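Every number here is computed from the coordinates shown, using simple stated rules; none is lab data. Fair warning: this is a prediction, and the values are worked out from it, not measured in the lab. In this analysis, Cβ positions are derived from the backbone assuming ideal geometry, glycine residues included, and neighbour counts consider all displayed protein chains.
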Amino acid sequence: MKRKTIHLFGACALLLASCTNLDPDIYSDMTIDKILEDSEQSSAYLLTPMYGQMRWFNEDRSIWDLTELGTDAWVIPTNSDGGWYDGGIWLRLDNHEWKSTDPHFSTCWSHLWYGITTCCNRVLHQFEEAGLELDEQTLAEVRAVRAFYYYYLLSLFGNVPIMETYDVPKDYMPTTRDRKEVYDFVVRELRESMDKLPEEQRYSRFNKWAAKHLLAKVYLNAESWLGSEYAAKRDSTLILCNEIIGSAKYQLDDSFSNIFSLQSETSPEIIFAVPYDETTGSPIFHCIYAKTQHWACKPIYNAGSGGYNGLRAVPSYVKETFDATDPDHYNDKRYRQSYCMGQQYDYLTKQPLYFTDGVTPFNYVNEIASIDAAREFDGYRFGKYEVKIGQKWETDQDWVVFRFGETLMMKAECMLRDGDAQGAADIVNEVRRRSFDPSLPRSVRKLTAEQLSALTVVDGVSVPYGEFLKELGREFTGEGMRREQLIRWNLYVNGSWTFHTPKQKKYLELYPIPSSELLSNINLRQNDGYSY
């Protein structure tokens, strides 16, 4: 066997070195055959970088921002003291007036391409360079995870290069491929790999069901990405969801809050998650604490650090989704389990807290006075994930990426759009059951087929299946799905919400290719509608 020293953990060293005491030299003499001596652990060692890179998705100005901000659900206003203005990047994101020079786009682009080339393609190259063949299962896992990174490129940017090799000339400049080609590539990679993956639950690694869930999402969005001729792909989504359901590997958690608890690995609902660990430091799960909580929040959690007072729920979304005029909706446990709201209390003394002036009650309200001058207490905060008592800057909460509740709701959406409203209602009510006290009237706990299929006003527009869209908001707010949901309902560029006037320009359903990438690669093409 050809003996070759390879540096498998370069990516992880870059991710962790600044915040840990890990010595990169531990891995510097690791050889591929030495790693493979322990077959049980070998693939985990080899694939660590491509999973570790996913932790950057929830950092500031990264993937979470582009999937939830700029929608009807979440906003970062400029504070009255000027905080969070940041050159207007957050206001432009909310108003759909972004520029290709805005940092979100280059950050997301870099994180995704690093995952594809340095983390996934590099593993394949290392085996080839060593004269070895990857076993079928590990090869399938690399291809499926690479498709996961491509899924975000496909959704956010659409027209991007396709790179399957790591060993390219130094001056190589990949060429833009049409969105249809990228879609076909992602579908092919998942179809050819998913049945070669293990069936057992793996939590933080792709298995057969994670790959099928991802492919179901690709098919579900195909029509909105590529045109009405792809509407039939819903049939494929339905088939894949039924296969996941039929596997009996997952079930709805009896407790909605348990899915997002510090012990989320115990939830039977989670198909795939990305672990975070406060001991390894950066990157952190930014949006669940630091980005959203007020800087004076430390006593609430007996925490070691406060927040930055940035991320807020859009007031009109909270009112419309949980209907402030209908007391029944406040019986929905997801309302208080999704937001941090109202008067806040000192964890140790149990006394009510006040803001920094010592007079104003620390009371988050569902209103924002001005997007240009938000008050300290304006806006509900993201509260879906359990905050650890003694919370540090670093986070221990794991990012829930795929869960069985979404599998069921994808199936319900397909059934609803294809005319089986009663079948869809049965599934929706199965998911809703845990969020309502069983003693409440049936009319409160359950939605009817008629409600789900009726024209309903959402974001100022009357749309079919609008109540189902609202239910997606109740169940999945803050989980990185809202942008795609609004695009499927044709509301992303046509809907109105607090401080947002619709631009009614379809090209805005794709973000611009970062200007820095266009300048460095003459073979890249800017997306239609953008001048630079």
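May I ask you to list the aspartates and glutamates whose Cα is less than 15 Å away from that of Lys388, ignoring any residue fewer than eight positions away on the same chain? Partners found: Asp277, Glu278, Asp346, Asp396, Asp398. Counting Lys and Arg as +1 and Asp and Glu as -1 over every other residue whose Cβ lies under 11 Å from the Cβ of Leu262, the net charge comes to -4. Put the Cα centre of the range 247-263 next to the Cα centre of the range 145-162 and the gap is 28 Å.
For a 31 Å ceiling on Cα separation, which of these pairs sit above it: Lys470/Lys505; Lys392/Lys446; Lys249/Lys350? Flagged as over cut-off: Lys392/Lys446; Lys249/Lys350.
The phi-based Karplus calculation (6.51 cos²θ - 1.76 cosθ + 1.60; θ = phi - 60°) puts the 3J(HN,Hα) values of the range 432-444 at 5, 3, 5, 9, 9, 5, x, 7, 6, x, 4, 5, 7 Hz, whole numbers, x for Gly and Pro.
Hey, what angle do you get for helix 39-52 against the long axis of the chain, alpha-carbon based, 0 to 90 degrees rounded to 10? Approximately 50 degrees, to the nearest 10.
Amide H contacts under 5 Å for Val401: Phe272, Ala273, Val274, restricted to partners 5 or more places along the chain or on a different chain, H placed in the peptide plane at 1.01 Å from N. Amide hydrogen proximity for Val463: with H placed 1.01 Å from N in the peptide plane, the residues at 5 or more positions away or on another chain lying under 5 Å are Thr456, Val457, Val458.
With Rg and the Kirkwood Rh both taken from Cα atoms, where does Rg over Rh land for the range 161-251? Let's see the in-between values first.
Working: Rg = 15.7 Å, Rh = 14.9 Å.
A ratio of 1.06.
Each Lys or Arg adds one and each Asp or Glu subtracts one; over the other residues with Cβ under 10 Å from the Cβ of Phe272, this totals +3. Here the Karplus relation 6.51 cos²θ - 1.76 cosθ + 1.60, evaluated at θ = phi - 60°, turns the backbone of the range 102-114 into coupling constants of 5, x, 3, 6, 5, 5, 5, 4, 5, 5, 5, 5, 4 Hz, with x for every Gly and Pro. In units of the compact-protein estimate 2.2 N^0.38 Å, the range 392-532 shows a Cα radius of gyration of 1.32. In the range 183-229, the ratio of gyration radius to Kirkwood radius, Rg to Rh, stands at 1.05 when only Cα atoms are counted.
Computed from phi, the 3J(HN,Hα) profile of the range 520-532 under the Karplus parametrisation 6.51, -1.76, 1.60 (θ = phi - 60°) reads 8, 9, 6, 8, 7, 10, 5, 5, 4, x, 9, 8, 7 Hz, with x in place of Gly and Pro.
Helix 404-417 and the longest principal axis of the C-alpha atoms of the chain enclose an angle of approximately 70°.
Three principal axis extents of the range 155-207 based on alpha-carbon atoms, in descending order, are 42, 26, 19 Å.
Sorted on the mean count of surrounding Cβ atoms within 10 Å across their residues, most packed first, peptides 491-501, 256-266 read 491-501, 256-266. The stretch between Tyr172 and Thr501, if pulled fully straight at 0.36 nm per residue, gains 114.2 nm over its current Cα-Cα span. Relative to the dominant Cα principal axis of the chain, helix 208-226 is inclined by about 70°.
Filter Lys208/Lys384; Lys180/Lys411; Lys291/Lys384 down to the pairs with a C-alpha to C-alpha distance above 22 Å, please. Where the Cα-Cα span goes over 22 Å, the pairs concerned are Lys208/Lys384; Lys180/Lys411. Ordering Leu491, Leu510, Gly466 by the projection of their Cα atoms onto the charge dipole of the range 441-532, which places +1 on the Cβ of Lys and Arg and -1 on the Cβ of Asp and Glu, puts Gly466 at the extreme positive end. Which whole-angstrom value gives the distance between the alpha carbon centres of the range 303-364 and the range 422-486? Here the answer is 23 Å between Cα centres.
Spread over its residues, the convex hull of the C-alpha atoms of the range 103-260 is 141 Å³ per residue. Magnitude of the charge dipole for the chain, about its Cα centre and with charges confined to Cβ atoms of Lys, Arg (+1) and Asp, Glu (-1), is about 600 debye.
Distant-in-sequence amide contacts of Tyr339, defined by a placed amide H-H separation under 5 Å and a gap of 5 or more residues or a different chain, comprise Gly383.
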